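The structure appears below as C-alpha cells.
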Amino acid sequence: MNMIVCVKQVIDPEAPPASFKIDPSGNKVVPPAGVSPVVDPYAEYAVEAALKIKDASGGKVTALSLGSNQLRDIVKKPLAMGADELILLEDEAFDGSDSWSTAYGLAMAIKKIGEYDIILCGREASDWNAGQVGSGIAEILGLPSVTLAEKIDISDGKAKVQRKTDEGYEVIEISLPCLITASNEIGEPRYPTIKGIMAAKKKEPVVWKPADIGVDAAQIGASGRHTKLAKLFQPVREGKCEIVEGEGLEEAAVNLAVKLREVKVL
Amino acid sequence: MAENKGVLVLCETKEGKLASISTELLGGGSKLAKDLGQELAAVLVGSGVSNLAQEAIAYGADKVYVVDDPLLKDYQTDTYVPVMEKVAKQAIPQVLIMGQTSIGRDLAPRLAFRLNTAASLGCLELAIDPDSKLLLQTKPVYGGNAQAVFTTESFPQIATVRPKAMAPLAPDQSRKGEVIKIDAGLDASAVRTKVLEKVPEEVAGIKLEDAEVVVSGGRGIGSAEGFQQLEELAKLLKGAVGATRPPCDNGWVPAGAQVGLTGKIVTPELYIAVALSGSSQHMSGCSSAKTIVAINKDPEANIFREARFGVVGDWKKIVPAFTEKLKELLAK
C-alpha cells in the first residue's frame, strides 16, 4: 500500500489566544513571538490514519508538505512518527496560496510521485479552516474521495471507510486509488519514539521547486488564488459580565439562581 | 456564454421534509437575491423528493430545480457532484449556497474545483457588497481566533453556511413558483463508491442542537462522575449536556457532546459554561447563545468576557448549591 499524506506547517493553534495578532495590513496573522510553529494538528490525524493502515497492511508512507521556510525540525515530525519519506514543496512562489493553488501544487507533486494507492489529508487545516484541499486534489487527479473518515479498513484492494455524518456515521466502500480526509475520530496521533526521532534526524527531505513538478508560477501561491481575502479581523467581545457574589460560594450560587430567575432567563 | 444570474440554494431533506438548514438557507438566500435584484432558486436532489418543491416555494424559492432519481437516495460524491454540475450549468447562478453539513462540506469544494470557481466553507454570514455586487463570505479562521471575509470573482460564487446562521421566512403556502425537472443522467458504472450502511448516533434525552438550555463542562470537570452533576442540572432545566474537546478526548462524555468549531454548534436560550476557559475554538460553537452564564475559578478566564452572568470559584461547590436552589425556585 503506497500512501501519500499531505501535511503543513502552521502557527501553533494551541498558543494562548492573547498572543493572536493580525498584521496591520489586515490580511495575515503575525506569528506569535517565541512560539514555535507546529505540524498542523489536523494533518497529524491524517498521518496517524496512514500509519494505522501501514501497521495493518504494510506499505510506504510519504509525507508531502507545501510552503516556504519550513523548519526541518518541525516538518520532520511525520518521519519521527513513522513515515518513510518526506517531500517538501518549498519555494516562496508557494506563499499566499488558497485552497485552489495549494491543491494544484500538491496534485502536481503527487502526479510526479506517481505510485500511490491512498492519498490522505486532514479534514481541514488549523489556520484557514478551509476544508477543501483534499477534495480539490481528488478532483484535479480524477480520483474518488471520501471525506471525514473516522476509521479506514483495507481489504481486497478496496477501502472501507467509516465516515462521520451529522446523524452518526456511514460506511463507504471505495475503490483504490482514492483520496481520504481524516477526521479527529481516527484516533490520537502517536507520539514519535526516540528511535523515530533519531531516524528522522538522519533523513533529509527531498525538496522540489515549482519547476520540478512542472507548474507554472501563475497557477501557484498568491497568483493562483481563486479567492480574495477582503478582510481579516478579530471579533469584538462585549465583556459585560455581571459577577454574582455572596458570603461564600454556596451563597453566590444561590444568588446566581435567584438572579437568573429575576431576569427571567429561567 | 450566458450571464450568471440569481441565487441557488441546495435543499437537503430529512424524513420526507425540507431539512431545517434548507429553510434557513432559503430565508438567507431570499435576502441575497433581493439585494441582487434577482431570483431565488432552490434545487432538490434525491430520491422521491419531487413533492417537496412546493414547500421550497412556500419558504421563498421562485423556481425549483428537481433531480429525482433512485441513484440519488444516499449522498455520494460521485453521484451528487455530476448532478450539481449539470444543475449549475443549466441554472447558471451567480451564487450557490449549501449547508455546512456532511453533504455540503463534501460537495461544495469538489464542485467548486470542477466548475473552476471557488467556495468558502462554514460561513457565518453572507452579504452582497453594494458596490461590486460580489458575495461577501464571512467565516471563522484560525480556529475561531479571527474571522475572514472572502470574495470570489469567478461564478458561481459557492459558500456553505453553518446551521442556525440564517433564519427561515414564515412559509407562505399561497406562493407560486416554477418547477423544473432535470434528468440525473447518471451512469451507475461510473460511481466508484458504495454506501454499505448508515448508523445514527444514539442520543439519550434531548438533542444538543435542539436544546433550549445547554450545560457544558470543560477540562476542569475532571471526570465522568463530574459530568453526572452537570447532567443532573441539565435534566432539571430540560436541557442537554455539552463539553469542550478535552472531556470528549478523555472519554468523560461521548464525542457527540463536543461544542465548538470542530464539534456541534448550539444556539440555546441559556448556555451554562462550567469549568471551561472559553477558547475561541469552543466559543465559535456557542457564542450565539442568548445568555451565557460562566462558572470558573479563574477570574481572568476568557469565558467571563463572553458571559452575561458569572460566579468565580470552584464549580464543585457552586453547581450543587445552584442546582438545589433552582429546584426550589422552579417548583414554585
Counting only strands (runs of 3 or more DSSP E) entirely within the range B:58-141, those with at least 3 residues that are out of contact with any Phe, Trp or Tyr (no Cβ under 7 Å at 6 or more places or on another chain) and among the aliphatic types (A, V, I, L, M) are B:63-68, B:95-99, B:125-128
Near pairs, Cβ below 7 angstrom, 6+ apart or cross-chain, from the range A:223-234 (within 7 Å of chain B (Cβ to nearest Cβ)) to any residue that is aromatic (Phe, Trp, Tyr) and surrounded by 14 or more Cβ atoms within 10 Å (Cβ to Cβ) | A:HIS226/A:TRP100; A:THR227/B:PHE150; A:LYS228/B:PHE150; A:LEU229/B:PHE150; A:ALA230/B:PHE150
Only one of (1) surrounded by 15 or more Cβ atoms within 10 Å (Cβ to Cβ); (2) more than 7 Å from chain B (Cβ to nearest Cβ); (3) at negative phi fails for A:ILE194. Which number is that?
-> (1)
Quick check: anything in the range A:114-132 touching a residue at least 24 places away in the same chain (Cβ under 8 Å), among the β-branched types (Val, Ile, Thr) and in a helix (DSSP H, G or I)?
-> no
So A:ILE4, is it within 10 Å of chain B (Cβ to nearest Cβ), surrounded by 14 or more Cβ atoms within 10 Å (Cβ to Cβ) and among the β-branched types (Val, Ile, Thr) = no
Looking across the range B:189-205 at residues that are in a loop (DSSP other than H, G, I, E, B) and facing chain A (nearest Cβ under 7 Å), the single one that is nearest to A:LYS158 (Cα to Cα) is B:ARG192
Matching option when the condition is part of a strand (DSSP E or B) and touching a residue at least 24 places away in the same chain (Cβ under 8 Å), among A:VAL161, A:VAL207, A:VAL215 = A:VAL207
Could you please give the count of residues in the range B:306-332 that are crowded, with 21+ Cβ neighbours inside 10 Å and touching a Pro at 6+ places or on another chain (Cβ under 8 Å)?
-> 0
Quick check, is B:THR79 in contact (Cβ under 8 Å) with a residue 60 or more places away in the chain, at the interface with chain A (Cβ under 9 Å from one of its Cβ atoms) and either surrounded by fewer than 22 Cβ atoms within 10 Å (Cβ to Cβ) or touching a helix residue (DSSP H, G or I) at 6+ places or on another chain (Cβ under 8 Å) (or both)?
-> no
Filter pass, A:GLY157 being more than 9 Å from chain B (Cβ to nearest Cβ), out of contact with any Pro (no Cβ under 9 Å at 6 or more places or on another chain) and surrounded by fewer than 16 Cβ atoms within 10 Å (Cβ to Cβ) | yes
Take the residues in the range B:206-216 that are closer than 18 Å to B:GLY263 by Cβ and not in a strand (DSSP E or B), then tell me which one is farthest from the other protein chains (Cβ to nearest Cβ).
-> B:ILE206
Regarding B:ALA91, is this residue more than 30 Å from A:SER175 (Cα to Cα), under 18 Å from the mean Cα position of the chain (by Cα), among the aliphatic types (A, V, I, L, M) and buried (at least 19 other Cβ atoms within 10 Å of the Cβ)?
-> no
Of the conditions (1) more than 24 Å from B:ILE318 (Cα to Cα); (2) crowded, with 21+ Cβ neighbours inside 10 Å; (3) under 15 Å from the mean Cα position of the chain (by Cα), B:LYS264 fails just one. Which one is it?
-> (2)
Scope the range B:273-305; condition within 21 Å of the chain's Cα centre (by Cα) and β-branched (Val, Ile, Thr); matching residues = B:THR291, B:ILE292
So which pairs qualify, if the first residue must be in the range B:275-298 and in a loop (DSSP other than H, G, I, E, B), the second must be of a type in the set (Lys, Arg), the Cβ gap must be under 7 Å, and the two must be at least 6 apart or on different chains?
-> B:GLY285/B:LYS264; B:SER288/B:LYS164
Regarding A:ASP166, is this residue surrounded by fewer than 22 Cβ atoms within 10 Å (Cβ to Cβ), assigned to a loop (DSSP other than H, G, I, E, B) and out of contact with any Phe, Trp or Tyr (no Cβ under 8 Å at 6 or more places or on another chain)?
-> yes
The range B:293-303, residues that are surrounded by fewer than 24 Cβ atoms within 10 Å (Cβ to Cβ), under 29 Å from B:CYS123 (Cα atoms) and within 9 Å of chain A (Cβ to nearest Cβ) | B:ASN302
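The numbers here are math on the coordinates, done by the rules we state, and not lab data. Only a predicted model underlies this, so the values are computations on that prediction, with no experimental measurement involved. As a convention, Cβ positions derive from the backbone with ideal geometry for all residues, glycine included, and neighbour counts pool all protein chains shown.
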